[in-house]
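Here the structure is laid out as structure tokens; the discussion comes afterwards.
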Amino acid sequence: GQPLGILDGIPVAVKDNFNTAGIETTCASNMLKGYISPYNATVVQKLLDQGAVLLGKTNLDEFAMGSGSTDGVFGPVRNPWSYSRQYKEKNPSKSPSENEDSEWVITGGSSGGSAAAVSSFTCFAALGSDTGGSTRNPAAHCGVVGLKPTYGLISRHGLIPLVNSMDVPGILTRCVDDAAVVLGLLAGHDPKDSTTVQDTFKPFELPDSIDVRKLCIGIPKEYNVPGLSSEIQALWSKAAELFKDAGAEVIEVSLPHTPYSIVCYHVLCTAEVASNMARFDGLEYGHRADMKQSTESMYAATRREGFNDVVRGRILSGNYFLLKENYENYFVKAQKVRRLIANDFVKVFGSGVDILLTPTTLSDAAPYVEFIKEDNRTRSAQDDILTQAANMAGLPAISVPAALSKRGLPLGLQFIGRSFQEKQLLTVAKWFEKQVKFPVIQLEDMKSHDCSGFPHQKSVSSL
Amino acid sequence: LVSWVPVVGLEIHAQISSNSKLFSGSQVQFAAPPNSLVSFFDASLPGTLPVLNRRCVEAAVMTGLALNCSINKKSLFDRKHYFYADLPAGYQITQQRVPIAVNGSLSYSFCIDNKMSQMVTKTVRIKQIQLEQDSGKSLHDDARSQTLVDLNRAGVGLMEVVMEPDMCCGEEAAAAVRELQLILQTIGSSQAIMAEGQLRVDANVSVHHPGEPYGVRTEVKNINSIRFLAKAVDYEIQRQIEELENGGTILNETRAFDSKLGCTISMRDKEGKQDYRFMPEPNLPPLILYDAKSLPANMNHQQVVNIDWIRERLPDLPSVKRAKLVELYGILPEHSFTLLNEDGLAEYFENVIKHTQMKPKKVIGWILNDLLSYLKEHACEVKDSPVSSFLLADLLNLLERKEISSSAAKQVFEELWKGEGKTPLEIVKEKQLELLQDQEELEQICQAVIDRQEDEVGAGMLG
């Protein structure tokens, strides 16, 4: 017969906060355990229409709240690189029994399951979501490409929302060309999502030979944050040099409101969360507590039982910020700061800069036992700092694997582009990817392969 | 006795007459089987998004224009949060910050002391009109300690019309609502049938001494007819006056009208005042409307809502219709009110005029006295009248041509009412009600009658 489309027969994975008809959709929460969705998210439908094969739903932080993929009811996600020869060589186990349980590292989050799925060769592409960095962060930690498209480019219909004004479906693939292919299939206006733009999207192919001489790369100085590992700092500088040597203009720029983005994000995110989670009351679907005293008591018990502490904490904060007496001082203020943050980018892009180059994460992936020493809120505040401004401004951004760390784990770098200029963004990302030749993960049980001959390097469309 | 000034404002919710709901495609229908008209969005299934219904926007614009409002070319949607079983999402989408129409007015008239001859015309200011979702319905089953929830109504479009506290008594409130009802029915934006819940009225009532500031107001709910509205308002005014004259205070509370007892009862909330935590609706962009001036040249008029286009197509409002009736037919203004107050009566009247030689000023008497009282007595609507306008016209023609007397005409009318299918002429012949034109024949009959009377008188005197 005829192939259904470009992805016919290609295995894909989908983060479990996307609705999949007839398939359990849990958001890694007790609230939706056993919830069989009756419809497909638009992006899922588009993949299926192309003939993609859905391998499974991937694990995440509960309701996408977190930066480690450690706080879901199905347990934490383990980074496949924990089991790679590269990591094991750099971290010889102290004793055979300790190895498996204490050394493994996190994937980052919240789309950790999707990143791990792509990273471990179980599928060619996976859908994640990105609200503050949830696609780019695990992409960097898992050594895969993570694309956050411009807000309004890809439909959110069927994506269970965290922050409606910042969420986007994210794309995780092994190479930039694949990301462009998937983007081409998913982008475009959806009448079911009133926040998608009306303009027709033209899918594109990336050129094989790219000339960066006409480009101006901006290096935002505020992204050199305390806590940024020296390794990543060095990598970042090296990348800037790479562009300079190739003839691009590389300049330092300023996004002065960057330091305020964490608190701003916290207010706006929790407020929207409080609102979005209000529908989970056990009445129409999902978990319902066995409490029959009154509707209120049923609601209270259901929500206490269904949500983890992270979700409940954000709901309480969000409701606080939305109280009449607090609304002006918190919510409206945060909206104004958000505008300032977005304007920082407008100014910089308006002054001749084409693409911004920044780190994606502060360091390589932490061991799980280290990561859980701090709570979710602390970790999120630390880890989101380099990625969330792009969500505030609605801009497209991509994390590209750049090199391995001293510990043998992936390090990624981030490119941020102009609104709806994904073609330029991905072109630059592809050029960078070609320069750095990031190594293939060598998983223990797999036969060893030549880097250059591995299908990983070729685009999906050439298969 | 110190005088009191009662102050009455109204909040009216009118269900929009449309095929589908405000933000989803499910059907709008009264008395359908429970939960048979519920889309995924209406049930608040996670991941669903609102899509604005164009017809609802047009209905609101029509209503705004009919009420002399300024139409806001840009209006916004907000979320109003509270937990209740019939509100699946835990919030209602409404327009709290910038509604679709503001600053209008409504003129209404009523008779003083129920005398048709003394009509008073007043104006009430319309503060605003906003689009919002209706909630579902809950039925409390105390016997089984359960609540049954029907979401058919959840998400149906409503226009909330806010009338400023310019009214002073139940009669005024009732007259204002009656006029609003007629306007809505005339322009077709709502069928406004109170009995079917398509028009719901809440009254805000307070009293104060002349020259002093407004008193504390109460909100009266659960008013199911225009008649009960007048009663509820008047009762509440009286209650407040008595309370204050006895040294008590008025609480700012919600009270329910009990139609059986004819009084208002406190609905005291255990938690006190609600904080609705208003927040902008992030899934709906601002609603932009155009007029002839602002409409971009290349835009397809099918894709936008053009205020001027709608204004041009508005039908004659009741006030205009009444004025035309008065001018055309020389009837009294109060007659025109009655004609428009009964569904179909004005059309009936005009049809009779068309088919009879009798002058309108005389026809109106038959319509308002004879026809209307029969209709009322038999609780019959104009459209179900056994006496059609054609039949009545025939009857009036007989009268006009002096073929029957007016008392005979009334007898014929009574016969016609039986609806046995006979024409007026047939009834006249049957009952020999023809007026005798022959003088001599008349004299013979009279003489015969007198002769009979004399016999009787004689018989009486003897006995």
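The values are calculated or read from the model by the stated rules, or taken from the named source; none is laboratory data. Quick caveat: nothing in here was measured; it's all calculated off a predicted structure. Cβ coordinates were reconstructed from backbone atoms using ideal geometry, including for glycine residues, and neighbour counts include every protein chain displayed.
Quick one: would you say A:S119 is among the polar types (S, T, N, Q), at pLDDT below 95 and more than 26 Å from B:L49 (Cα to Cα)?
No: the conditions fail for A:S119.
Which residue pairs have Cβ atoms under 7 Å apart, sit 6 or more places apart or on different chains, and have a first residue in the stretch B:39-61 that is within 10 Å of chain A (Cβ to nearest Cβ) and a second that is of a type in the set (D, E)?
B:A43/A:E284; B:S44/A:E284; B:L49/A:D193
If you take the residues in the stretch A:8-30 that are farther than 16 Å from A:G56 by Cα and in contact (Cβ under 8 Å) with a residue 60 or more places away in the chain, which one is farthest from the other protein chains (Cβ to nearest Cβ)?
Looking at the filtered set, the residue picked out is A:N30.
Among the residues of the stretch B:27-51, write down those that are under 27 Å from the mean Cα position of the chain (by Cα) and aliphatic (A, V, I, L, M).
Listed by number, the residues that qualify are B:V28, B:A31, B:A32, B:L37.
Would you tally the residues in the stretch A:260-293 being away from chain B (no Cβ under 12 Å) and over 23 Å from A:L322 (Cα atoms)?
Here the count works out to 5.
Which condition number in (1) within 28 Å of A:R314 (Cα to Cα); (2) touching a residue at least 60 places away in the same chain (Cβ under 8 Å); (3) surrounded by fewer than 18 Cβ atoms within 10 Å (Cβ to Cβ); (4) of a type outside the set (D, E) is the one that A:T122 fails?
Among (1) within 28 Å of A:R314 (Cα to Cα); (2) touching a residue at least 60 places away in the same chain (Cβ under 8 Å); (3) surrounded by fewer than 18 Cβ atoms within 10 Å (Cβ to Cβ); (4) of a type outside the set (D, E), A:T122 violates only (1).
Here are some residues: B:E381, B:E342, B:E350, B:E334. Which one is surrounded by fewer than 16 Cβ atoms within 10 Å (Cβ to Cβ) and either in the same structural domain as B:E420 (by the TED database) or not charged (D, E, K, R) (or both)?
B:E381
Of all the strands (runs of 3 or more DSSP E) wholly in the stretch B:140-230, which have at least 1 residues that are away from every other protein chain (no Cβ under 14 Å)?
B:157-167, B:199-208, B:218-223
Take A:A239 and decide whether it is under 24 Å from A:A140 (Cα atoms), among the hydrophobic types (A, V, I, L, M, F, W, C) and without any contact (Cβ under 8 Å) to a residue 40 or more places away in the chain.
When the stated conditions are applied, A:A239 does not pass them.
Filtering the stretch A:296-313 down to residues that are away from chain B (no Cβ under 14 Å) and surrounded by 14 or more Cβ atoms within 10 Å (Cβ to Cβ), which residue is nearest to the chain's Cα centre (by Cα)?
Only one residue tops the list, namely A:V310.
Would you mind stating whether A:Y35 is at negative phi and more than 14 Å from chain B (Cβ to nearest Cβ)?
no
Look through A:V337, A:V346 and report the one residue that is more than 10 Å from every other protein chain (Cβ to nearest Cβ), under 30 Å from A:S237 (Cα atoms), surrounded by fewer than 17 Cβ atoms within 10 Å (Cβ to Cβ) and among the hydrophobic types (A, V, I, L, M, F, W, C).
A:V346
If you go through the stretch B:62-96, how many residues are more than 10 Å from chain A (Cβ to nearest Cβ), out of contact with any Phe, Trp or Tyr (no Cβ under 6 Å at 6 or more places or on another chain) and in a strand (DSSP E or B)?
Count: 6.
Please work out which residue is farthest from B:Y84 (Cα to Cα), limiting yourself to the stretch B:275-315 and to residues that are among the polar types (S, T, N, Q) and more than 10 Å from chain A (Cβ to nearest Cβ).
B:N298
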